[in-house]
Amino acid sequence: MEVSGTIPAIAQSFKARQQPWALIVDENYGEGSAREHAALQPRFYGCALILARSFARIHETNLKKQGVLPLWFVNKADYSRIGSGDIIETVGLADTIRRVPDASIKIRVTKLDGEVFNIETNHTMSSDQLKWLEAGSALNYIRSQI
């Protein structure tokens, strides 16, 4: 399924059909958007993860607080291998959340023509931040502990 339009318009259609989605972005994603509310829009529209060549430091932290998983390409050239309409799935996320030793997260990509391959990723999530992710956000986690 080819997808086109603005990110907010596409995100609204995915949210309306309760379909999780992801952003695949280039270098220094979130630059100039260090405010907390810049990470709220992806969360509000149901963005599950953002896979980037690199993140602006403060924005990456804000995404974590909002329960959006920021992942880094291990090989930055893999950015060019993912296209609009490709289906992506996480491999190893459950093990990472459970803190299984040496767990890693890969992205399985299914191209429109049926080709399937995996992409290696890194994350900078601490043990506490993984709890936030599992709860849906830092505030959700804090609320669950009261």
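The values are calculated or read from the model by the stated rules, or taken from the named source; none is laboratory data. Quantities reported herein were computed from a predicted structural model and do not represent experimental measurements. When we count neighbours, we look across all protein chains shown, and the Cβ atoms used for this are built from the backbone with ideal geometry, even at glycine. We work out accessible area using only protein heavy atoms, side chains counted, and drop any ligands, DNA or RNA first. Shrake-Rupley method; radii C 1.70, N 1.55, O 1.52, S 1.80 Å.
Could you do me a favour and compute the accessible area per residue for the chain, 1.4 Å probe, result in Å²? Provide the component values of the computation, followed by the final result.
Numbers: 8330 Å² over 146 residues.
For the chain, the per-residue accessible area is 57 Å².
Looking at segment 80-146, which GluC sites (Glu not before Pro) are in a loop (DSSP not H, G, I, E or B) and have at most 10 other Cβ atoms within 10 Å?
Working: sites: Glu89, Glu115, Glu120, Glu134; in loops: Glu115.
Here the GluC sites (Glu not before Pro) that fit, given the DSSP loop and packing criteria, are Glu115.
By how many nm would the segment from Gln145 to Phe117 lengthen if fully extended, with 0.36 nm per residue of separation less the alpha-carbon distance?
Values: separation 28, 0.36 × 28 = 10.08 nm, distance 3.94 nm.
My answer for the length gained is 6.1 nm.
Which number do you get for Rg(Cα) / (2.2 N^0.38 Å) in the chain? Working shown, then result.
Details: Rg = 14.9 Å, N = 146, 2.2 N^0.38 = 14.6 Å.
Against the compact-globule rule of thumb, the ratio is 1.02.
Over the chain, what is the mean sequence separation of C-alpha contacts under 8 Å (at least six apart), divided by residue count, expressed as relative contact order in percent? Spell out each step's value before the answer.
On the way: 247 pairs, mean separation 30.5, N = 146.
Reported as a whole number, the value is 21 percent.
How large, in percent, is the carbon and sulfur part of the accessible surface of segment 1-122 at a probe radius of 1.4 Å?
On the way: 3520 of 6760 Å².
Result for segment 1-122: 52 percent of the exposed heavy-atom area is carbon or sulfur.
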